[in-house]
Every structure is written in structure tokens, then in C-alpha cells.
1. I'd like the per residue volume of the convex hull spanned by the Cα atoms of the protein assembly as shown, given in cubic angstrom.
2. Using a cut-off of 30 Å between alpha-carbon atoms, which lysines can reach A:Lys541, once sequence neighbours fewer than 8 places away in the same chain are excluded?
3. Identify, among A:Val383, A:Ile524, A:Leu329, the residue whose Cα sits farthest towards the positive end of the charge dipole of chain A, taking +1 on the Cβ of Lys and Arg and -1 on the Cβ of Asp and Glu, with the dipole about the Cα centre.
4. Quick one: what are the phi-derived ³J(HN,Hα) couplings along region A:105-118, Karplus 6.51/-1.76/1.60 with θ = phi - 60°, whole Hz, x for glycine and proline?
5. Separation between the A:Ala484 and A:Gln401 pseudo-spin-labels, each 7 Å from Cα along Cα→Cβ, expressed in nm?
6. Applying 1/(1 + (r/R0)^6) with R0 = 56 Å to the Cβ-Cβ distance of A:Glu525 and A:Lys377, what FRET efficiency is obtained, to the nearest 0.05?
7. GluC sites (Glu not before Pro), restricted to region A:408-458: which are DSSP loop and have at most 12 other Cβ atoms within 10 Å?
8. To the nearest Å, what is the center-to-center distance of region A:246-296 and region B:12-39, using C-alpha atoms only?
Amino acid sequence: MPEPRTGVFICNCGTNIAKVVDCDAVAEAAAGMPGVVVARSYKYMCSNPGQEMIAQEIGDHDLERVVVAACSPRMHEPTFRRAVETAGLNPYLVEMANIREQCSWVHDDGARATEKAEDLVRAAVMRVAHHEPLERLSVDMCPNTLVIGGGIAGLTAALELAGAGKLVYLVERQPGLGGNVGRVDLTAPYLDSAPDILTDRITRVLEHPDITVMTNSEVVRLDGFVGNFTATLGVNCNDGPGEERRVDVGSVVVCTGYREFDASRATHLGYGKQPNVITSFEFEHMLRQGRIETKEGRLPQYVAIVHCVGSRSAEFHGYCSRVCCMTALKYAHEVKSALPGSYVSDVYVDMHAFGKGCEDFYRRSAEVKTLFLMYGKGEHPVVRRADPGDDCEMLITVDEQLSGETIELPADLIILMVGMEPREDAESVTRLVNISQDKDGWFIESHPKLDPVATTTDGVYIAGACQSPKDIPDSVAQARAAAARILGKIAKGKLEIDAMFAEIDQDRCSGCRVCNEICPYSAIEFDAAEHRSHVISALCKACGACVATCPSAAIKARHFTDEQIFAEIAGVLG
Amino acid sequence: MTFEPKIVGFLCNWCSYSGADLAGTSRIHYAPNVRVIRVMCSARIDPTFVIKALADGADGVLVCGCHPGDCHYSEGNYKTMRRMPLLKRMLADFGIEEERVRLEWVSASEGMRFADIVDDMTERLRALGPSPVKMALAGDAVER
């Protein structure tokens, strides 16, 4: 049988691939591979012109198979399947070679990366020759949603979904809802009250007939796939034995938030040693109590606010925690209005006032006579106890950048603007719902710009500060975005899923029933009369465990057949 | 010139392949010796795939799946966990060193771990030298 007519399309991904892999050389090598009648290299294959080029070449060369060497198939396989479909080719007759995530982004030796890219392209060319046209399956989309975390993001997502008439299960580990926003007094930059913002939402969530709130509860496991998940919940498991409950959901929104940096790790700031060095959250607590005072119950004359505690440092976290600068300015306002005679100083690295209304807020803060002192990134202010004759309790030594002088700053109360960090058990959450963490531990979105709330696992969304440090408006926007994505899927009612299930060749089946036992979904039935097993395709999840087990080689995994994988093995080994 | 081993990696789609992609998005560099083949679950990895890779000239085969307890298909990785040692014992009888076939668990968030495994395996195989299967096949070709 002659090789099917194959077209190979090498994406440069701007310079993402081309700066390491010689894409023209790969195209040239591909042109000599079995069955290849056209091989082209192009700047962006996923762009409209790129997709049109593929469609055009399918027509011009009567292509029967297409290979796209580009990013991970987990990124753009659906894109290229659609592209070949528009040109009349069955979407399963395309195969991707991952030459970005698993080649150009992880290697710097251009020659060896190019050689590897050629091997991966050859594997795809040889594999795709064995592909068969398949039809997609249509499955129902379960309209219920699981929201993990009852902070501002989780509450918002739940209300948005329930507002559209959909059932929501909201799971919160703590005894109460509200998350970290529940620990805050006023919010920057407009100084509206956090309790007001929250109370209204919490009440609406608790009273909503379509939202089931489970506090003191956790998600134990998540099975299934988009549209058809089953979540096992440990209800009331955090304050007793609890009970296990299973719920069917079509989507999951992860809103697990952040925890604050442990200030005692920044030892030079004296937290835990000097009684009047406190964290921003401890100061919020003080504000909610309505009295700014030292541990001894005195009114402080000198209040110092130190920025970037745990953030933007080589020692702890490299990233900016985004909310602390404006919160610090808010403190200056609140101290000045409560204690008009006090002196407030703001010890900062850079002032980040990027949000709407924030720059105005910064300007107004400068007007309320706050002393701003800039310290260098990589340096740190040092806190020590004042000497007996001083009129203050502590002194902060700052190498002030703008004046170039070393300044000793008096302080009776020092507020540390602690940054955000991923929760200690963020990794177990990623394993639970099968998503990824970046180098700092934040959850990773599907695309940093174009798909900010989806993840690489279809049907699992992320919103709020679990994705990266975020203020309330951004968390709310993400939560609403996630809800909108889910409602869009629910509105369609049906989901198209890959037609990848196992099939048993009845002539080869010996009726040994080994596969019956191995299938985790009980998707294989034994027909006693015929003495043969057969797969119930609606139950099969296409893992392929039975295929590798069958002693008679009678089971075929559609789209992952032995022939296809053997061809791929031969291909990568050239 | 130093010997550069070729490693065929069989990675499950849900955890390990995502983990390998994460190494990419995080720009974690590792040895360009591995060629990855994606399967839906590590339980799909038929022992014959490993044998075929060795027969076709691979110096090593890396099998990666989800951590025990985290399998997307509930328990597929437990099957892999039992199959691989059996296969390795058989391969040992054919004179194939144990280090050439390696089973590792890599989650979707373990880009760094994947990179470390590839680097470590590459280094070990460099020290071990070319696969005896490859050498025997090359020898056969010469004799013929």
C-alpha cells in the first residue's frame, strides 16, 4: 500500500521555536520522509493565515494526512483539528509534533534541538499514516458546578452561576465563608468597607436555594472528565468524623486563594521578637476593633509601614504581591485620621499604583503628610530596640535611596506589609483536580493572555489569588469570567468528546475475561453465550489498560493503536 | 566525541506529559536525549512497546505515569507499577541492564522533576554506553 499523501507544517511560533530549532532544515528533512508531498515552515501556524495555508495545501496536493510541528497538542490540537476539518479532512487525520514545550523551550543546543525536532516530526509522519477517520461522540454536559473555596472569588462564581439558575456546590474548609477578605477592614483605594462587601454576598449565597454550602468540608477526590465529573466530598470532616458525599458536576472552579507570608522569616524586621512589630493582617484586626494601639495599650506616636515583606526579594519571593502598596497607603490614611498627631512613615522599594484609582490615591496619601523613604531592592531595613533616652520604642535603619543617606527612623508601631504566597497544600489541590503550578507555586492558566481562567484540564477553572496575587476587583472579574465560560458550555447542552474507546475483535477474543477484571470502569461485558467479551463504548474512558493486558492482542485502542505507536517508536529512532 | 544515548519516553497524557510541557513553559532546560511518545495512561504501555523501542535502537526507555493514587483512570498506574518490574526481570535475562528501563511518577506540576529525571537518566546511560541490543544489531549487519 502506498504511503498516504502527507503535508508537514512547521510552526516557527514567532521566534519561540525558530530561535533554537532550524525550522527550514526540519521542513527540508520532512520533505524526504515517507509519503510527504509538501513540507512548509511558517511564522505562526495557529494564526488565520497559517490555518488557511494548511487548508490550501490540503486542496492543492490532495493531502490525506497532515502533521503540524508546533506547540504541545494539549495547547493547539483542537485548533488544527478544526483547520483540517474546514478543508474536508477528518479531524483525526492530523497529528502534532511537540517541538516547542518539549524541544525549543527546554534545549539551547540548536543543532541537537533541530535533530530532535526532525525525529519528532518523523514519528508524527509515520504515526499519522496509520490514523483512521473517527467520528466524535456527543455527551451531555452536567449543568452543576463545584466551587472549591468560599472567599471572594468562590462566592462570586457561585452567585453568578446560581443567578443563571444552575446548581452550585460550594465547599469551604473553614467554619465560615469570606476567606482572606473577611480579615480586612477597609479596602483601597476607595476606602469602602470589606465587611459590607462580604456580608451581602455571604448572605445571598447562604440563602440561595440553588447553592449548597458545605463548610468545614473538603474535596476528597475528583473523577471523570469535563461535563461529567463526580466529586467526593468530606462534609464536616474538619470538625469531626464527618460524612462522605458524592456529587455530580460538569465543571469545577478552584478558588483556594493564598496565605500570607510568615513575617518571622524576615528576621531583620524583628517580627516575633519586638512586640510592636505586627503584620498587615494583625493591623487590620486592630482597625476592626476600632483602636490603634501598642501591645501595652498606648497610642503610638510614630507608626512605620514597611513594604515588600516576603515579596520582590531574591531571598523569599521574586514576584510582587500587588495589593500591599495600596493597602499601605490606606493604613497611612487610617492612622492619620485616628491619630492626627502621629507621624507616619512609609518604607518602600517601589510604589506600585497600577490599578484604577490607585495613582490618585497615592497622590492624596502624599498630601496627608506621610514620610516616604525608599530602600533598595535586595537591601532591607533593620529594626532594633531604641536606646533608653529616645522618645520612641524602636528604630529602623534604612539606606534611603533618594537621599543616599542612612536614616534612623523612630517607631512605636511597625506594620509589615506581608506578601501573598500559595497555600501550603496547593500541590495537593493540583493533584486532586489535575492542574499545574508555576515555579512560585501559583496555579497555571491555559493561556496567560487569551485564556486566563481555564486550565489544561478541560472543565477545571481557576479564579482569584490561587492563580497569582490579586486584588478584589481582579478576583471578582476572574470568578465571573469562569462562571461565564461554564454557562457557555452549559448553554450548548452537549459536549463533543474524542471518539477514543477500545474495541474487541470478536474473532480474536478467546473469552479469557482478563480484561473484564482490569477495566476500572466495568466497561467490558462478558457474553456467556458467545464466550466473548465486548466493550460498552459509552462507559469506556479510553485509558487503554485492557489493550496492553489482552493476551490475544484482540483489543484495539482507537487513535492509540499498536500500529500507530509502533510507527511512532520507529519514527523517533530514525 | 561523547556517546549521546537516545531515550524513548512513554508519558501518560494527564500527569506526566503535562509535567513535561510544564518544564517547557517554565523554560527548565534538560538534555535533548529524550523523545517523548504520548499515551493516554501508563497502563496503555504494552511491554512490547518497550521491547520494540530497544529493538529499534533506543539506549534507554523511560516510562512515566501519575503518582500512585493520582491516576486519571483511578488505578492504571498500579498496573504499570506491577508490569514494569516483571518486564525488567525478563529483559535482564536477555542481558539488558536494569538501568535502561526506568519507571517514574511525574505529576502535572513536576516540570522540574521531569527535567531532573531526564538529565539523570541521560548521564547514567552515557556512563553505561550504547545498548547491547543496538550493538548486536550493528554487529549482525556487519557480519552480513
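1. Given the Cα convex hull of the protein assembly as shown, per-residue volume reads 202 Å³.
2. Filter leaves A:Lys166, A:Lys489, A:Lys492, A:Lys494, A:Lys556, B:Lys52, B:Lys79, B:Lys88.
3. Of the options given, the answer is A:Leu329.
4. 7, 10, 10, 10, 7, x, 5, 6, 5, 5, 4, 5, 4, 5
5. According to this spin-label approximation, the distance is 3.7 nm.
6. Working: r = 65 Å, r/R0 = 1.17.
Plugging the Cβ-Cβ distance into 1/(1 + (r/R0)^6) gives 0.30.
7. A:Glu424
8. Measuring centre to centre over Cα atoms gives 37 Å.
A short reminder: the numbers here are calculations on the coordinates, not readings from a lab. All values reported here derive from a predicted model rather than from experimental measurement. Virtual Cβ from ideal backbone geometry, glycine too; neighbours counted across all protein chains shown.
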